[in-house]
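Encoded as structure tokens, the structure appears first; notes follow it.
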Amino acid sequence: MITYQAYTVLHVVGVLFVFFGFGASLMQLKVDEAAQKTLRRWTGILHGAGLLLLLVAGFGLLARMGIHWPWPAWVWGKVVIWLALGGVIALYKRGVGAEAARIALVLALGTLAVWLAVYKPGH
């Protein structure tokens with residue numbers, strides 16, 4: 001049986017992977033074509049593995065906290081943020097919008113996710 005602390009570590013590692021994936025994606029537009037292929041692959045691996053870790057560890061944490069259906073509002077918020085972080089990578093890969101705006105969007109989503117996890121409004 002996996003402990004609450006182990007799920008927390010996996011969850012944080014998932015966050016690191018997702019944000020490193022975003023960083024790698026930012027670099028894609030600044031390197032030559034040969035390096036772009038490698039960065040594109042690592043972006044996908046880091047981002048996808050991170051999202052999977054976040055999902056599995058997040059649900060493991062919910063189970064350890066005894067939170068079942070129906071979920072409180074803060075859990076729904078985290079699910080929506082997870083979906084948004086999954087989709088925002090397309091903006092990064094295509095270079096849509098200003099780089100500063102893309103960075104601000106991801107940082108805002110991450111900050112909101114942390115706030116929801118710490119304060120758990122409606123719990």
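Throughout, read-outs are computed from the coordinates displayed, never taken from laboratory work. Given the structure is predicted, the values throughout are model-derived calculations rather than measurements. When we count neighbours, we look across all protein chains shown, and the Cβ atoms used for this are built from the backbone with ideal geometry, even at glycine.
Taking all Cα-Cα distances within the range 4-119, those exceeding 19 Å account for 47%. Distance between the 7 Å Cα→Cβ label points at Ile45 and Leu107: 2.8 nm. Each residue, Ala35 and Ala6, gets one label point 7 Å from its Cα in the Cβ direction; the gap between the two is 4.0 nm. Peptides 95-104, 81-90, ordered by how many other C-beta atoms sit within 10 Å of their residues on average, highest first, read 81-90, 95-104. Helices in the chain, meaning DSSP H runs of at least 4 residues, each add -39500 (n - 2.57). Divided by all residues, the mean residue ellipticity at 222 nm is -29000 deg cm²/dmol.
The calculated FRET efficiency for Arg64 paired with Trp115, based on their beta-carbon distance and R0 = 25 Å, is about 0.75. Sorting the segments 10-16, 64-70 by their residues' average number of neighbouring beta-carbon atoms within 10 angstrom, most packed first, yields 10-16, 64-70.
Reported to the nearest whole Å, the Cα centre-to-centre distance from the range 1-42 to the range 104-123 is 19.
Among 54-62, 111-119, the peptide with the highest mean count of other Cβ atoms within 10 Å heads the list, and the full ranking is 54-62, 111-119. Taking other C-beta atoms within 10 Å as the exposure proxy, Leu39, Leu109 rank Leu109, Leu39 from fewest upward.
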